[in-house]
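Have a look at the structure below before the remarks.
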Amino acid sequence: MARLQSLRTFAAMGAVGDAQAVDEHRPMFPGLDHALARSLRVGELLLKNEEAELQMTRERASATQARHRLVHVKAAPCVAEREACRVCYETNADDTLRCGHEVAAYDACARAARDAVAREGRFRASAES
């Protein structure tokens, strides 16, 4: 247990850069310098390998994106009309019938958006056949 505590103390002193204290404890752990040097080499190899793996992953992702058509997210339709309705309802909470024009514009926009999606779906279905 005392050896483990000494090792922790040794490692902590090395972390803060207390070279004199590290030199005092070095005889207690004769193979530690070699093990630390080897650990550093392994760490460097792992970092080098990580860079290669990251590059390979990016290349594979690009290839996958090129092979498969990705879904492109479109902006929500009728945002302005919806906001106009919301503002109108908030300002005319006592008489919501005053918002008929805004509601009609939102309704017309929503119908047009729905029809556009339906046309696009029919177009895709006939193109895929």
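The values are calculated or read from the model by the stated rules, or taken from the named source; none is laboratory data. Everything numeric here is computed off the predicted structure, so don't read it as measured data. Here Cβ is always computed from backbone atoms with ideal geometry, including for glycine, and neighbour counts include all displayed protein chains.
Tabulated values for the structure
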{"read-out": "Selection status of residue 79, within 30 Å of residue 111 (Cα to Cα) and either assigned by TED's automatic domain parsing to the domain that holds residue 111 or modelled with pLDDT of 85 or more (or both)", "value": "yes"}
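Let's see how each residue does on (1) on the phi < 0 side of the Ramachandran plot; (2) assigned to a helix (DSSP H, G or I); (3) small (Gly, Ala, Ser):
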residue	(1), (2), (3)
47	yes, yes, no
54	yes, yes, no
62	yes, yes, yes
77	yes, no, no
80	yes, yes, yes
97	yes, yes, no
116	yes, yes, yes
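Here's the yes/no breakdown for (1) surrounded by 10 or more Cβ atoms within 10 Å (Cβ to Cβ); (2) among the aliphatic types (A, V, I, L, M); (3) touching a Gly at 6+ places or on another chain (Cβ under 9 Å):
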{"site": "49", "(1), (2), (3)": "yes, no, no"}
{"site": "54", "(1), (2), (3)": "yes, yes, no"}
{"site": "60", "(1), (2), (3)": "yes, no, no"}
{"site": "67", "(1), (2), (3)": "no, no, no"}
{"site": "80", "(1), (2), (3)": "yes, yes, no"}
{"site": "83", "(1), (2), (3)": "yes, no, no"}
{"site": "89", "(1), (2), (3)": "yes, no, no"}
{"site": "97", "(1), (2), (3)": "no, yes, no"}
